[in-house]
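Student: A single structure is presented below for examination.
The values are calculated or read from the model by the stated rules, or taken from the named source; none is laboratory data. What you see is a predicted model, and the numbers here were worked out from it, not measured in a lab. No Cβ is skipped: glycine too gets one built from the backbone with ideal geometry, and neighbour counts run over all protein chains shown. Areas reflect the complete protein model, heavy atoms only, side chains present, ligands, DNA and RNA absent. Shrake-Rupley method; radii C 1.70, N 1.55, O 1.52, S 1.80 Å.
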Amino acid sequence: MANSVTVALAGNPNAGKTSLFNALTGARRHVGNWPGVTVEKKEGTLRHAGREIHVVDLPGTYSLTAFSTEEIIARNFIVESGPDVVLDVVDASNIERNLYLATQLLEMGVKVVIALNMMDVAESRGIVIDLRRLSELLGVPVVPTNAKREVGIQELLDAVVETVDKPIPRVRRMFLQYGTEVEEELEKIEQLLLETPRKNPGFRRRWLAMKLLEGDAECTKILTQSVGDHPVFRQVRESRGHLAAIFDDSPEILLADARYGFVSGAVRETVREEIRDRVDTSETIDKVLTNRLFGPMILLGVMYLVYMFVFQGSEPLVLWLERFFSWFGDQVSSVLPEGLIQSLVVSGIIDGVGGVLGFTPLIAFMFLAIAFLEDTGYMARIAFMLDRVLRGFGLHGSSMLALMVSGGIAGGCAVPGIMATRTLKEPKERLVTILVAPLMNCGAKLPVYALLIGAFFSGKKAGMMFLLTIISWTMALFAARLIRATVLSGPSAPFVLELPPYRVPTMKALLIHTWERTWMYVKKAGTVILAVSIVLWAMMTFPGLNAEQKRQFEERDAKLVAVFLADPAVSPVFTSKKDLETFERVRTALQEGNQSALAAARPEFLALAKALSKKDAAENVQQSGSDDALSRGVEAYTALEQGKLSLENERRREHLKGTVGGRLGVALEWVFMPIGFDWRTNIALVGGFAAKEVVVATLGTAYSLGDIDPAGGERLSDRLKKEPGWNPLMAFTLIMFVMMYAPCVVTLAVIKKETGSWKWTVFATAYTTALAYTVALIVHTVGSLLGLGVS
């Protein structure tokens, strides 16, 4: 008896397989990709009855015919990896359709346990299933479950462990007969397979014979590589021709008909539907939600509510994180001495990565909203409704799913969206979907939107996100239409989409989905964005000012001090630069409440320090009747302080301009000047080529290095509002450019992999950047002429 058990989780899409996987594994899971392909692979572990059970979640599929990548992955894992048990998740409310996959699993000769899931939905529809009789007909355990409520999980695990320890019953060896003619041809092929070297022990002989008779290209290829030009292939050709001549149909149709016949008979014998004078609840709801008139209006309302939920729900946490990173930067600055190390840690890492991580609550709330729409079944309705629109732009209903994943409702990612295009069979439709997917509002763009909307459109956050979603879709559809009318012209293929029943999602499932996606975002911030932030910090730190520039700033600083010391209002108190340094220590002691240092301070220094610490110090002194000398001293010192602050700001800006990044930003000014971007914004856009979140990180670093704030701890959004040249029009122009310009490097790598061509990768970069520049130029020019958002 093995202590470790491997269970493969199979099932149709929308059968509740993900919910069952979550119920089985909980947090004990990890996500990666299947070897050689970009389809997601989920694995998890649990312990039951003294066994460690390793669960592998296979891609959802309706059959094992190897027509799609998902079908090939599922079938190859079962054949090659040999799981101890295949746990087939069957939707009890659609049992006839789901059992077709079960028959194919049984034909493979593997140990199978049926999880008859969604029993609550079946019962609500008046469906009664004879579980004992169904188990007898299939020859496998059939366990009723309700995965989202974790009902039947322990019984299911008991059945899995029991099945592992038992041999496959003889009644299952040939549970499905295909008729005399077909069985005779299968026998001929099986006999010849006995003579082949068994280099593929995972293949059951009868199952392999059926696959060859069906003309399965994958099995034929594998066997050919193993045995070469073997007589079995000649027999397969003869058998296929013989059956086609007799039945006037292909063998694959004959075998499929036999399976469907068995399933139909099994359902008639085991399933009874109570007659009810009502329409199914999901169909009733769909009459409203997918109505041609009301459906789109409801969809727009749902999207608006999603953005209200996301922004209003996450705002307190976003503000708290922004303040935390600002406080943390101040604490680190107080501990580390001034210099390159402090600059790297504070400006490069904390301001850079912190600026991105500060928006984690917003991303999490967006993922939570998307998970809710997916789990309720409404996301599939969105695809169904928008298929009518997509056809007018030369796209396909299946493109809808890829675009939604990419950020159709802001918060997705173009990488899995582009991977999802593998479900599109028509090459041109798949390619155009890949090319327009980066125009969606992915989660990486949300921090940029949130920063600029919070700074310049704070009273219209949900409305602005709603508008940006409409613009994103408009640009994507425009681009798709243009591409389909030129470089990828041709008709669209038909689209069929299954609408799953509406369900009430469980909080556990929602939290798991939200956590997985948010954690990917956090990991990205901790790896890619951290590395890019450090590189950009270096680019914005070195080489900086040359020797002549440093000398000029030192001379100007000395001149400010000399003018101050020569002022009659302070000359009796301050006689040298050393007195200024002593006075600054007194001001620090006053702020920190250091009584011993204050007791030893000169009375005139202490009086001036107290006057400066008050709000509107000079006015307060005059009103209180204090002497004019103290009032003039406050004015003189305030003038010196402001002069030094202005000079330091200028020095930092010139330093930044002299760095590698600054020179690059200045060099690009002639390109971006027509749309109003300065050199610091240009640096941020260059950083955005690595990852769009880096735009926020780079702006934070650029304005942290290029400016100082005497109060300290100022939020980037507040700083931008005060910055000359920044206004609502500038912010909206930058949003438009970030929305559309070149995909990030990770997305470009996936485009190259999925298209297999650098040509389309370069095309995607060029056309999106050209589109972004054109739209931004129009927005900036028209807005400036009309005086919109410039104040």
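Student: Of Lys166/Lys211; Lys42/Lys188; Lys445/Lys657, which pairs sit farther than 30 Å apart, going by alpha carbon to alpha carbon?
Tutor: Lys42/Lys188
Student: Based on the mean of other beta carbon atoms within 10 Å per residue, what is the order of 366-375, 83-92, most packed first? Please list the in-between numbers first.
Tutor: Details: 366-375: 22.1, 83-92: 25.5.
Put in order of decreasing packing, that is 83-92, 366-375.
Student: Something else about it: ³J(HN,Hα) across segment 591-603 via Karplus (A = 6.51, B = -1.76, C = 1.60, θ = phi - 60°), whole Hz, x for Gly/Pro?
Tutor: Karplus-based 3J(HN,Hα) across segment 591-603 equals 5, 8, x, 7, 5, 5, 5, 5, 5, 8, 7, 5, x Hz.
Student: Right, another one. Could the peptides 531-541, 436-446, 642-652, 150-160 be put in order, highest first, of the mean number of other beta-carbon atoms found within 10 Å of their residues?
Tutor: Averaged packing, sorted descending, gives the order 436-446, 531-541, 150-160, 642-652.
Student: Mind pulling the angle between the C-alpha long axis of helix 694-706 and the longest principal axis of the chain? Nearest 10 degrees, somewhere in 0 to 90.
Tutor: 10
Student: Using amide H atoms built in the peptide plane, which far-off residues or other-chain residues are under 5 Å from Val5 H to H?
Tutor: It is Glu52, Ile53, His54, by chain and number.
Student: What share of Cα pairs, in percent, lie more than 13 angstrom apart in segment 83-122?
Tutor: Of all Cα-Cα distances in segment 83-122, 49 percent exceed 13 Å.
Student: Something else: Accessible area of the chain with a 1.4 Å probe: how many percent of it is carbon plus sulfur?
Tutor: Answer for the chain is 60 percent, counting heavy atoms of protein chains only.
Student: Which net charge results for the neighbourhood of Leu439, defined as the other residues with beta-carbon distances under 15 angstrom from its beta-carbon, given Lys and Arg at +1 and Asp and Glu at -1?
Tutor: With Lys, Arg at +1 and Asp, Glu at -1, the neighbours total +4.
Student: Given the rule -39500 (n - 2.57) for each run of at least 4 DSSP H residues, summed and divided by the residues of the chain, what is its mean residue ellipticity at 222 nm, to the nearest 500 deg cm²/dmol? If you can, show how the numbers build up before the last one.
Tutor: Values: 38 runs with 495 residues, N = 791.
When only DSSP H runs of four or more count, the value is -20000 deg cm²/dmol.
Student: May I ask you to work out the translational diffusion coefficient for segment 637-690 at 25 °C, viscosity 0.890 mPa s, via Stokes-Einstein with Rh from the Kirkwood sum over Cα pairs, reported in whole µm²/s?
Tutor: On the way: Rh = 12.3 Å.
Once the numbers are plugged in, D ends up at 199 µm²/s.
Student: Still on this structure: Over the chain, what is the relative contact order in whole percent, taking alpha-carbon pairs under 8 Å and six or more residues apart?
Tutor: Taking the mean separation of contacting Cα pairs over the length of the chain, I get 10 percent.
Student: Please label the shape of segment 323-394 as rounded, prolate or oblate, based on the square roots a ≥ b ≥ c of the eigenvalues of the alpha-carbon gyration tensor (a/c under 1.5 means rounded; beyond that, a/b larger than b/c means prolate, else oblate). Let's see the in-between values first.
Tutor: Details: a/c = 7.50, a/b = 3.09, b/c = 2.42.
Prolate is the answer for segment 323-394, as a/c is 1.5 or above and a/b outweighs b/c.
Student: To the nearest 10 degrees, how steeply does helix 745-755 sit against the main Cα axis of the chain, on a 0 to 90 scale?
Tutor: 30
Student: Sticking with this one: Does segment 61-144 classify as rounded, prolate or oblate by the C-alpha gyration tensor (a ≥ b ≥ c root eigenvalues; a/c under 1.5 gives rounded; else a/b over b/c gives prolate, otherwise oblate)?
Tutor: Judged from the Cα gyration tensor, segment 61-144 comes out prolate (a/c at least 1.5, a/b above b/c).
Student: Per residue, how much space in cubic angstrom lies within the convex hull of the C-alpha atoms of segment 177-252?
Tutor: 78
Student: Between Val750, Val56, Ala764, whose Cα lies farthest towards the positive end of the dipole of the chain when Lys and Arg beta carbons carry +1 and Asp and Glu beta carbons carry -1, centred on the Cα centre?
Tutor: Ala764
Student: Turning to a different aspect of this structure: What is the distance in Å between the Cα centres of segment 182-256 and segment 440-478?
Tutor: 56
Student: Sticking with the crude label model, points 7 Å out along Cα→Cβ, report the distance from Ala245 to Glu273 in nm, one decimal please.
Tutor: About 4.3 nm, to one decimal.
Student: What aspartates and glutamates does Lys508 reach when the alpha-carbon gap must be under 19 Å and sequence neighbours fewer than 8 apart in one chain are set aside?
Tutor: Result set, ordered by chain and number: Glu43, Asp57, Asp120, Glu150, Glu374, Asp375, Glu516.
Student: In degrees between 0 and 90, to the nearest 10, how far off the longest principal axis of the chain does helix 153-164 point, with axes built from Cα atoms?
Tutor: So the inclination is approximately 50 degrees.
Student: How large is Rg/Rh for the chain, to two decimals, with Cα atoms and a Kirkwood Rh?
Tutor: Details: Rg = 34.3 Å, Rh = 31.1 Å.
Rg divided by Rh gives 1.10.
Student: What accessible area per residue, rounded to a whole number of Å², is obtained for the chain using a probe radius of 1.4 Å? List each step's numbers first, then the result.
Tutor: On the way: 35530 Å² over 791 residues.
For the chain, the per-residue accessible area is 45 Å².
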